[in-house]
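Readers should treat all values here as calculations from the given coordinates under stated rules, not as data from a laboratory. Bear in mind that the values here come from a model prediction, so they are computed numbers and not experimental data. Note that each Cβ is placed from the backbone with ideal geometry, even for glycine, and that neighbours are counted across all protein chains shown.
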Amino acid sequence: MMKKIYSLFFILVLTTATYISGQKRNVCNNKLLEGFVQDGPEYSLKLEDSKTGKIFLSFFEGFQYRLVICSENTKKYKIALYDIEKKVLFSGTCEDYIKYLDLKFKSSIACIAEIRVNDYSNSKARFSISIGFKEVVK
Amino acid sequence: MNLKILFRILFSFTLILVSCINREKESNKELKVSDITSDSARLFVTYKNSVFCVPSPQLINLYLKRLGIYPVRTIINPISNLEKYTTSAKKAENFGVYGVDLGYMNIFTVSENTNEYVAAVSQLATELNMGVIFTKEVYDRILSLKNDEDSLAHYLSGIFSRADLYMKTNSQERTCALIVAGGWIESFYLLCNTYNNYKINGIRDLIFQQKFVLDNVIKSLAPFYESSSELQDMIDNLVEIAYDFDMLDFKCSYQKSVYKFQKDVMFFENECEVMNTAESMKTIIKSIDKLRNKIIS
């Protein structure tokens, strides 16, 4: 009887631990944009049956930008920044849910930021994207 | 081990497990505005795994300020037009318009008309069921910041972001889309009008770069094309202007290393050139003039 109870206890602990770890969520907030003017709303991106998501955005000369990409449920993902002719401007990896890039451009430019998740089980990965800007002091 | 103690432990674990499940369910209830902070963005706006960012109109206002260009009172949407906006679509479009005008008039100094424009924005907000965002406290705060244009820019950006999130969370995406469109049209109109008066190359380049912003405005509105005749009309008009931009050709070149770090900031030393501009500028300015006057009439 005691053996059965201990087994049941063990299964219950294991189930609870698995459930809680599966529910682990990162909280995305805009604290990283302190000191910047928020450029437009906070955007949300949910990958539907795809490992890749795209963010179409513009950067204007004379301003410094902070691009913040935060995931609630995906710890590791790749980020790349391209111009409209698909030239790679930046490529990197986020290791812990949230990544931000501080950027400025000599000339105004339209870009595409691409997010790629590695693990196919993360095909419903969710991201929030915020952009802030501030004037470049010459 | 005492069986009673063991059962109590098992029961406690069950309680913990159940509370985790219930917390998940509670968090799916409709959010009230007091719940809406940037921590709680739960509506996912994705179109074919893509997001189309529309820059804040405040950026254009700040750009004009940097060039030392003072706002021209006579070109903004007159307050007397407010009484014409009787449909929710017109109200939404012109909420965006007046919001941009408010920022434009306060680029440098306090405008004697600030109170009027704040009142107009507040009235339209209430009529669009956004009274929970544009409360008396917000109204008073905007008026208190009118001597500090940088803080006002920050504050207005934050308020409009919260309004955007609130409306998306409360199924008012169509209204939100019209506000964004109205705001972009007004800021682009002010930019083109300024270029007509000053002919500064920086403004010209900023105008041409709006091609990509306009593409994003259209793509972010596109999912709502079938939802109302007003949105269809708006999108069709914006697509016409997008065609005017089609003649332009953009080319960017970079230094050998695409970017270098300047105090932890990636600085891209790109040179971007825009070609086939002469005829395009006249057509673009004429088109935005026509659309903007249609929106505010």
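What separates the Cα centres of segment B:210-228 and segment B:237-287 is a distance of 19 Å. Beyond 26 Å in Cα-Cα separation lie the following of the pairs A:Lys99/B:Lys65; A:Lys134/B:Lys290; A:Lys31/A:Lys54; A:Lys54/B:Lys211: A:Lys99/B:Lys65; A:Lys134/B:Lys290.
Charged neighbours of B:Asn270, selected by a Cβ distance under 15 Å, balance to 0 (K, R count +1; D, E count -1).
Per residue of A:50-58, other chain Cβ atoms within 10 Å of the residue Cβ number 6 on average. Karplus-based coupling profile of segment B:52-58, in residue order and whole Hz: 10, 8, 10, x, 5, x, 4, with θ = phi - 60° in 6.51 cos²θ - 1.76 cosθ + 1.60 and x standing for Gly or Pro.
Note that segment A:29-43 has calculated 3J(HN,Hα) couplings of 9, 9, 4, 5, 9, 4, x, 10, 7, 5, 9, x, x, 7, 9 Hz, one per residue in order, obtained from phi through the Karplus relation 6.51 cos²θ - 1.76 cosθ + 1.60 (θ = phi - 60°); glycine and proline are x.
Going by neighbour counts of Cβ atoms within 10 Å, the residues B:Ser228, B:Ser257 line up, fewest first, as B:Ser257, B:Ser228.
Residues A:Thr74, A:Thr93, arranged from fewest to most other Cβ atoms within 10 angstrom of their Cβ, appear as A:Thr93, A:Thr74. Specify whether the C-alpha gyration tensor of segment A:26-135 places it in the rounded, prolate or oblate class, a ≥ b ≥ c being the square roots of the eigenvalues: rounded for a/c under 1.5, otherwise prolate if a/b is larger than b/c and oblate if not. Oblate.
This ranking places A:Cys28, B:Cys252 by how few other beta-carbon atoms lie within 10 Å of each, fewest first, which gives B:Cys252, A:Cys28.
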